[in-house]
Amino acid sequence: MTERLQAPRGTFDVLPEDWDARTALEHRARDLLESAGYRRIETPAFEATELFARGVGEATDIVQKEMYSFDDGGGRSLTLRPEGTAPISRAYMEHGMHKLPAPVKLWYLGPFFRHERAQAGRYRQFWQVGAEALGSDDPALDAELIVLLHTLLDELGVRDLRLLLSSLGQPGAREAYRDQLKEYLHAHADRLSSDVRARIDLNPLRAFDADHPGTREVMKDAPRLIDHLDAADAEHFAHVRALLDKADIAYEIDPTLVRGLDYYTRTVFEFTSEALGAQSGVGGGGRYDGLVQMLGGPPTAGVGWAAGIERMLLAGAEAPHGAAPVELFVALDDGGRREDAFATVVAARRAGLHAEMELAGRSLKGQLKQADRLGARYVAILRAQEAELRDMSSAEQEPVVPDEGEDAVSPEAIVSAALRGLRGVA
Ligand code: AMP
């Protein structure tokens, strides 16, 4: 027996009933971001593997374990995008956006791919909405982006929201701190998880992310990067906090917040929602002033965030759903012709109505039932020469008057009658 075909593990179909909520979210995000000057960009679903290896970082979980990489047949390795910031930085360079007036503000929404252990709220293909601002290191941009994501989550009714905030400083101070942290981790290596122990030298900061109880114990007393920021970084961070205070955004400083990507500098943040359980991260981001240069471009400041569509919907308030009601349903009675029904539905749609016609060979009774199921406001019942318009809310039924000088009722006459009814004109 052949195996039943199913969507691959960790993926899902976005079914018709799922789209109302997703479309509403997309429109909210677009309105919010575009009124703050962000413009939409979409990059390809796959990119050169090297982009992520260099941009996200060789030692990160994403690059080491989670990328869907494949040979494109020409000996070139490509990867389904696991995140959006590296591709946008690539596009920024490729299209000479560094020559545009700074900051260049961009937003995106689309699918991303990570080979993770699939569970509730964690998928292998998931969708993100994200925003990035390149070309300025002004702390007002960090704060603006945080406020925008806060507003979006708030509008979506995401419950039990917390904002965790920290600063990672810049590479210089971070290097010195990393050495200190490595020394500390080596000194306590016997209590760490094997995973963390194996990567002490490669990625010591990752130890803060571990779930392993022994590792968590050790990390409680570990030296903290936030205590080792240089003066400029500390000042930048203080600015960001002051602006968030001005905007009345509550946050918690979390010195263990490192986020799984190498490119972050200075501000990092994450919004969590208790409603999500174990996978509590709903959206996050930070500043990445070194990324564009790391990818071979000019020195460029950048800051941004990404938020998971599925997690926002899971943690958000129930969105209204159900298809928009049908305004005109075109039914056929004895003698009515399918061509006329078709022409009527086309004319109705051209006039901007949500119109449907009978397409399953039902009896007239069955058609009225179907119109009712669709929530139709009017039903046009077509016969050989004449037609009637039934108001489904009052069950009143009236003949449609043919155009002057005509015997048969035209599609346009039916649509006009429906429009008069919908607009409440007698
Ligand atoms: P990250 O790029 O890891 O910071 O992810 C940003 C946001 O994308 C997270 O806060 C989640 O909402 C979402 N996200 C990341 N990975 C997944 C996944 N595997 N499944 C579903 N959502 C995800």
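The values are calculated or read from the model by the stated rules, or taken from the named source; none is laboratory data. Owing to the predicted nature of the structure, the values given are computational and were not obtained by experimental measurement. Heads up, the Cβs are rebuilt from the backbone with ideal geometry, glycines too, and the neighbour counts pull from every protein chain shown. SASA here: full protein model, heavy atoms, side chains in, ligands and nucleic acids out. Shrake-Rupley method; radii C 1.70, N 1.55, O 1.52, S 1.80 Å.
Quick notes
- Taking a straight line from the alpha carbon of Lys105, these lysines sit under 27 Å away, with near neighbours fewer than eight places off in the same chain left out: Lys246.
- For the stretch 175-262, the Kirkwood radius over C-alpha pairs fed into Stokes-Einstein at 25 °C and 0.890 mPa s yields D = 172 µm² per second.
- Accessible surface for Phe52 stands near 0 Å², nearest 10, in the context of the full protein assembly shown (1.4 Å probe).
- The charge dipole of the stretch 141-246, taken about its Cα centre with unit charges on the Cβ of Lys, Arg, Asp and Glu (plus for the first two, minus for the last two), comes to roughly 280 debye.
- Remark: the Cα gyration tensor places the stretch 70-191 in the rounded category, a/c being less than 1.5.
- Point-to-point label distance, Ala118-Glu404, nm (Cα→Cβ direction, 7 Å offset): 6.6 nm
- Prolate/oblate/rounded label for the stretch 1-135 (Cα gyration tensor, a/c 1.5): oblate
- Using bins of 10 Å that start at zero, the share of Cα-Cα pairs per bin across the stretch 6-71 amounts to 15, 26, 34, 24, 0, in whole %.
- Percent of Cα pairs in the stretch 381-426 per distance bin of 10 Å, from zero to the largest separation: 28, 56, 16, 0.
- Tail fraction, Cα-Cα pairs, the chain, threshold 38 Å, whole percent: 40 percent
- Binned Cα-Cα distances of the stretch 267-368, short to long, each 10 Å bin given as a whole percent: 12, 22, 14, 13, 17, 15, 7, 1
- Averaging over all projection directions, the Cα-based convex hull of the stretch 207-249 occupies 4.2 nm² in the image plane.
- The largest accessible area among Lys105, Lys246, Lys220 belongs to the first residue in Lys246, Lys220, Lys105, and the rest follow in falling order (1.4 Å probe, all chains).
- Per-residue SASA remark: Ser77, around 60 Å² accessible (1.4 Å probe; ligands, DNA and RNA not included).
- Taking the chain as a Gaussian network of alpha-carbon nodes connected by springs under 10 Å, the highest mean-square fluctuation of the residues Ala53, Ala348, Ala173 belongs to Ala348.
- For the stretch 17-133, the dipole from Cβ point charges (+1 on Lys and Arg, -1 on Asp and Glu) about the Cα centre works out to 220 debye, to the nearest 20.
- Accessible surface of the chain, 1.4 Å probe: 50 percent of it comes from carbon and sulfur atoms.
- Dipole axis of the chain (+1 Lys, Arg; -1 Asp, Glu on Cβ), positive-most option in Leu353, Val330, Phe46: Phe46
- Considering only Gln370, Gln180, Gln170, the Gaussian network model of the chain with Cα springs below 10 Å gives its largest mean-square fluctuation to Gln370.
- Length-normalised contact order of the chain in % [C-alpha pairs under 8 Å, at least 6 apart]: 16 percent
- A full extension of the chain between Ala351 and Ala176 corresponds to an added length of 56.2 nm, given 0.36 nm per residue minus the alpha carbon distance.
- Residue-normalised accessible area of the stretch 113-224, expressed per residue, 1.4 Å probe, Å²: 45 Å²
- Heavy atoms of the protein chains alone define the surface here; on that basis the stretch 226-278 has 45 Å² accessible area per residue at 1.4 Å probe size.
- Here is the list for the stretch 350-426: trypsin sites (Lys or Arg not before Pro) lying in DSSP coil, each with at most 11 other C-beta atoms within 10 angstrom of its C-beta, are Arg423.
- Modelled this way, with points 7 Å down the Cα-to-C-beta line, the labels at Phe70 and Thr23 are 3.1 nm from one another.
- The dipole here belongs to the chain: it is taken about the Cα centre, uses +1 on the Cβ of Lys and Arg and -1 on the Cβ of Asp and Glu, and is about 780 debye.
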